[in-house]
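Let me begin by presenting the structure, written as structure tokens, before commenting on it.
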Amino acid sequence: MKELRFEELSVHYGGRRGGLTAVDGVTLTVPPGQVVGLVGESGSGKSSLAKAAVGLSPVSAGRVLLDGADVRRLPKGHRPLQMVFQDPYSSLDPRMTVGESIAEAMPRDAYRRASERREEVARLLGLVNLDPALGGLRPSRMSGGQRQRVGLARALAGRPDVVIADEVTSALDVSVQGTVLNLVKDLQRRLNLSMLFISHNLAVVRYVSDVVAVMYLGRIVEAGPVAQVLGDPQHPYTRDLLAASPSLHDSDLLADDPAATGDAEPADPHDPPAGCRYHPRCPLGPAVHPGRTICGTTDPGDDADRGVHQVACHFPGAGIDPRQPRA
């Protein structure tokens, strides 16, 4: 069990004068042995944050720490962070058998004999509820659910301290999503893994996570224990995500003026708005309450609550006096 921490992390694509800052100064902790669910709509920066942790996206500022050690300075060949990708059809090499793909991820010095590697491949396939005989097949002979389980086995082959699961059920048929989710949850508990679980599905996050973090336009806007954040959301963006998932909430979770949020287009990530990035869509901000100019001028993240339930909003919660910002 180890702690994964993103410390003021930024990911920028393109040149200095242009391009896109997909992740902007994010600080987020995945506690040892816990699952942190990261949610947000497409383009919020979730996958860029995950890829930065495993070295697949450029880190333009900040650090990714594993028990306090910068992951970019760890010894070569040591892969304490492993990632399971969204698309099981493109994440496996079609020229390699399933067994070869899993064996490739094993630490080089752990299994020197071919027989030892075969035994470990068989063990890992059994761990993800696949017949070890499937190790001789190529991915094209397998279903999407089977391929995703192979992806899990391949990640576990690296003996990771932390697993990052990026939308691991979104490309699967509904009929097999539950099977993969139950497997992920079971493996995390049995192996006592720390996990960053990325999804746009709040029902999935509620099911597998201990902590949830909500991301919008490259920044974390709310984070805390899953029961608190999804049961009593304080940020209007979180409330709007819940409002888009009727099965998760009652009608009283809807924002002050749903029409001011749900139908509004997200801001341009190449040119995010000043102040609170959500304020052009926010039912608690100046779009509905013209007197709340602070939302368009001051970043609420500068004074965000750093307690157990964190929220970056000038007017958190429901029923707040519209004339007064947060104390």
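Things to note:
- Among the residues listed as 38, 20, the single one being hydrophobic (A, V, I, L, M, F, W, C), in contact (Cβ under 8 Å) with a residue 24 or more places away in the chain and closer than 23 Å to residue 309 by Cα: 38
- Screening 266, 280, 300, 225 for residues that are at pLDDT below 80, on the phi < 0 side of the Ramachandran plot and out of contact with any Lys or Arg (no Cβ under 6 Å at 6 or more places or on another chain) leaves exactly one candidate, 266.
- Number of positions in segment 224-240 that are surrounded by fewer than 23 Cβ atoms within 10 Å (Cβ to Cβ) and of a type in the set (A, V, I, L, M, F, W, C): 2
- So residue 152, is it assigned to a helix (DSSP H, G or I), within 28 Å of the chain's Cα centre (by Cα) and more than 30 Å from residue 29 (Cα to Cα): no
- Flag set for residue 293, criterion: among the β-branched types (Val, Ile, Thr), surrounded by fewer than 22 Cβ atoms within 10 Å (Cβ to Cβ), over 20 Å from residue 309 (Cα atoms) and at pLDDT below 95.
- One residue alone among 15, 25, 43, 62 is on the phi > 0 side of the Ramachandran plot and either of a type in the set (Val, Ile, Thr) or part of a loop (DSSP other than H, G, I, E, B) (or both), and that residue is 43.
- Of all residues assigned to segment 19-42, at least one qualifies as being of a type in the set (Asp, Glu) and surrounded by fewer than 20 Cβ atoms within 10 Å (Cβ to Cβ).
- Condition met for residue 89 (outside any helix (DSSP H, G or I), without any contact (Cβ under 8 Å) to a residue 60 or more places away in the chain, among the aromatic types (Phe, Trp, Tyr) and assigned by TED's automatic domain parsing to the domain that holds residue 153): no
- Listed by position, the strands (runs of 3 or more DSSP E) contained in segment 177-251 that have at least 2 residues being more than 16 Å from residue 34 (Cα to Cα) and of a type in the set (A, V, I, L, M, F, W, C) are 211-216, 219-225.
- In this entry, residue 123 passes the filter for residues that are under 21 Å from residue 79 (Cα atoms), over 18 Å from the mean Cα position of the chain (by Cα) and free of Cβ contacts under 8 Å to residues at least 24 places away in the same chain.
- Some residue of segment 164-176 being touching a Ser or Thr at 6+ places or on another chain (Cβ under 9 Å) and assigned to a helix (DSSP H, G or I): yes
- Residue list for segment 1-12, filter: touching a helix residue (DSSP H, G or I) at 6+ places or on another chain (Cβ under 8 Å) and either at pLDDT below 95 or closer than 20 Å to residue 301 by Cα (or both): 6, 9, 11
The values are calculated or read from the model by the stated rules, or taken from the named source; none is laboratory data. Predicted, not measured: the structure shown is a model, and the values here were computed from it. Reconstructed Cβ throughout: ideal geometry from the backbone, glycine too, with neighbour counts over all protein chains shown.
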